[in-house]
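K.L.:
Here's a structure for you.
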Amino acid sequence: MTPDVLRLEDHERQPCEVWTRVMGYYRPVAQFNHGKKSEHAERRFFKEPASSSAPS
């Protein structure tokens, strides 16, 4: 059995509030000023590769 895919029109969707940690505390991105919003959009996410000297 395959699950049905739920498709919503834009007017049926609920806004999602995005929070991020800034200077040690969490704030909603919607409250950022223009400069901070621009900085947040430029952030890059990455996964640190495992060290080859890590114990197994």
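The values are calculated or read from the model by the stated rules, or taken from the named source; none is laboratory data. In this text, all values refer to a predicted model and were calculated from it rather than measured experimentally. A quick note on method: Cβ atoms are made from the backbone with ideal geometry, for glycine too, and the neighbour counts reach across all protein chains shown.
K.L.:
Which of the residues spanning the range 1-29 are in a helix (DSSP H, G or I) and modelled with pLDDT of 90 or more? Break it down stepwise before answering.
P.N.:
We begin by selecting, within the range 1-29, every residue in a helix (DSSP H, G or I); these are 10-12, 29.
Result: D10, H11, E12.
K.L.:
When residues of the range 32-49 are filtered for being surrounded by fewer than 10 Cβ atoms within 10 Å (Cβ to Cβ), of a type outside the set (D, E, K, R) and at pLDDT below 90, how many remain?
P.N.:
Applying the first criterion (surrounded by fewer than 10 Cβ atoms within 10 Å (Cβ to Cβ)) to the range 32-49 yields 33-35, 41-49.
Subsequent filtering for residues that are of a type outside the set (D, E, K, R) retains 33-35, 41, 45-46, 49.
Subsequent filtering for residues that are at pLDDT below 90 retains 41, 45-46, 49.
Looking only at that region, the number is 4.
K.L.:
Let me ask something else. Only one of (1) in contact with a strand residue (DSSP E or B) (Cβ under 8 Å, 6 or more places away or on another chain); (2) of a type in the set (S, T, N, Q); (3) surrounded by fewer than 10 Cβ atoms within 10 Å (Cβ to Cβ) fails for T20. Which number is that?
P.N.:
Only one criterion in (1) in contact with a strand residue (DSSP E or B) (Cβ under 8 Å, 6 or more places away or on another chain); (2) of a type in the set (S, T, N, Q); (3) surrounded by fewer than 10 Cβ atoms within 10 Å (Cβ to Cβ) is unmet by T20, namely (3).
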